[in-house]
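K.L.:
Take a look at the following structure, please.
Laboratory data are not the source of any read-out in this text; all were calculated from the coordinates shown. Given the structure is predicted, the values throughout are model-derived calculations rather than measurements. As a convention, Cβ positions derive from the backbone with ideal geometry for all residues, glycine included, and neighbour counts pool all protein chains shown.
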Amino acid sequence: MTNQKSLNREQYQDSSQYDIRTEILKFGSHPLSPWQWLAKQYDFSSAKTILELGCGNGLFWQVAASLLTPQQTVVATDFSAGMLAASQTNLKNIPQAKQFSYQVEDAEQLSFSENHFEVVLAHLLMHLLSSPLQALHEIKRMLTPGGFAGITVFPNDFMQSIFILANELLPQSHYKSAAEKCSVNVLERELTKLFSRIEKLEYVNHLKITESVKVVQFIRSTSMAKQHNLTEDYIECLTNKADQLISSLGALVTSFKLTLFIVTK
Ligand SMILES: C[S@@+](CC[C@H](N)C(=O)[O-])C[C@H]1O[C@@H](n2cnc3c(N)ncnc32)[C@H](O)[C@@H]1O
């Protein structure tokens, strides 16, 4: 298993770390959460079966299941059984619960036959893969001709001021951000080679974080914490720095951004 994969396995063995990270959105000014916004960008009317890769704890379908007609089904997949279990729990009481099935799947090597789904979704996943390109080929293989995929990626300046702050205080090496692992430009270039039509959309939610503890919890919940074995001294420095910024500026200002590609086979 690659280092990245074992880090992911640890990070996503259950949804606790992800729950902490998504909590930071409560400081946002956008009227829609990223998943509500994503739901508004899609037209599922031509789909019989929808595949989601890396579905996590089911945040998307908690807000988007009402878009489904009773005939449509969703196969929710993730490589973590713990995240899938969280999805199942979070979606068990929605009216469309029976339209969902759950399966452990690695997005880079799917077990389904080709031309199987009219829609494939991969939200906030590409930066976690050893080979995003391999996953793009899998997505294309899964889609029926004319089917579409919704793929999100983090732009360079995703949560920038938080990561700058966290990086500044690191003793030695530089933390590789999600955008560095899978950049918008690289993804766009590869999508252009693989798909016939590409639409590019952006979600921007400005956050004004007024509690340093939330900044620290956010950083601690990322793979950065494991990768760099963050010490108690480091956490204390981070807390002090965040406190200083918040008291001098009123808030730590940053943006939760996503680039969404809707691509057609
Ligand atoms: C940042 S979370 C995003 C979850 C969800 N898509 C959302 O929008 O809230 C990333 C998810 O991708 C999963 N994941 C990571 N690597 C994967 C892989 N190779 N194949 C499938 N899922 C993977 C993780 O277990 C985690 O649930």
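K.L.:
Counting alpha carbon pairs within less than 8 Å and at least 6 residues apart, what relative contact order, in whole percent, applies to region 1-111?
P.N.:
Values: 138 pairs, mean separation 30.6, N = 111.
Reported relative contact order: 28 percent.
K.L.:
Another one. Cross-link partners among lysines for K5, C-alpha distance below 21 Å, same-chain residues fewer than 8 apart left out?
P.N.:
K176, K181, K226
K.L.:
Considering Cα pairs under 8 angstrom that are at least six residues apart, work out the relative contact order of the chain and quote it in whole percent.
P.N.:
On the way: 470 pairs, mean separation 59.7, N = 265.
Contact order relative to length: 23 percent.
K.L.:
Give me the distance in nm between label points sitting 7 Å out from Cα along the Cα-to-Cβ direction at C237 and S16, one decimal.
P.N.:
About 2.7 nm, to one decimal.
K.L.:
Quick one: helix 132-142 against the long Cα principal axis of the chain, what's the angle to the nearest 10°, folded into 0 to 90?
P.N.:
Long axis of 132-142 versus the principal axis of the chain: about 20 degrees.
K.L.:
Let me ask something else. Mean residue ellipticity at 222 nm from the helices of the chain, using -39,500 (n - 2.57) per DSSP H segment of n ≥ 4 over the full residue count, to the nearest 500 deg cm²/dmol?
P.N.:
Numbers: 12 runs with 110 residues, N = 265.
That comes out to -12000 deg cm²/dmol.
K.L.:
While we're looking at this one, here's another question. How big is the antiparallel share of DSSP beta bridges in the chain, given as a percent to the nearest 5?
P.N.:
Counting only bridges with both partners in the chain, antiparallel ones make up about 55 percent.
K.L.:
Return the single residue from L169, L207, L133 with maximal mean-square fluctuation; model: Gaussian network over the chain, springs between Cα atoms under 10 Å.
P.N.:
Comparing L169, L207, L133 in a Gaussian network model of the chain, the most mobile one is L169.
K.L.:
Under 10 Å, Cα contacts only: if you run a Gaussian network model on the chain, which one of P132, P145, P70 comes out with the highest mean-square fluctuation?
P.N.:
P70
K.L.:
Taking amide H atoms as placed 1.01 Å from N in the peptide plane, list the residues 5 or more away in sequence, or in a different chain, whose amide H sits under 5 Å from that of G147.
P.N.:
K265
K.L.:
Next question. With the Cα gyration tensor of the chain in hand, give its eigenvalues times 5 under a square root as the equivalent ellipsoid semi-axes, listed largest first in whole angstrom. Please list the in-between numbers first.
P.N.:
Values: eigenvalues 208, 75, 65 Å².
After diagonalising the Cα gyration tensor, the semi-axes are 32, 19, 18 Å.
K.L.:
For the peptides 29-40, 253-264, what is the packing order when you average, over each peptide's residues, the other Cβ atoms within 10 Å and list the highest mean first?
P.N.:
On the way: 29-40: 16.9, 253-264: 19.8.
Output ranking for 29-40, 253-264: 253-264, 29-40.
K.L.:
So, one more: Out of V153, A179, T231, whose Cα points farthest toward the positive end of the dipole of the chain (charges: +1 Lys, Arg; -1 Asp, Glu; placed on Cβ)?
P.N.:
Selected residue: V153.
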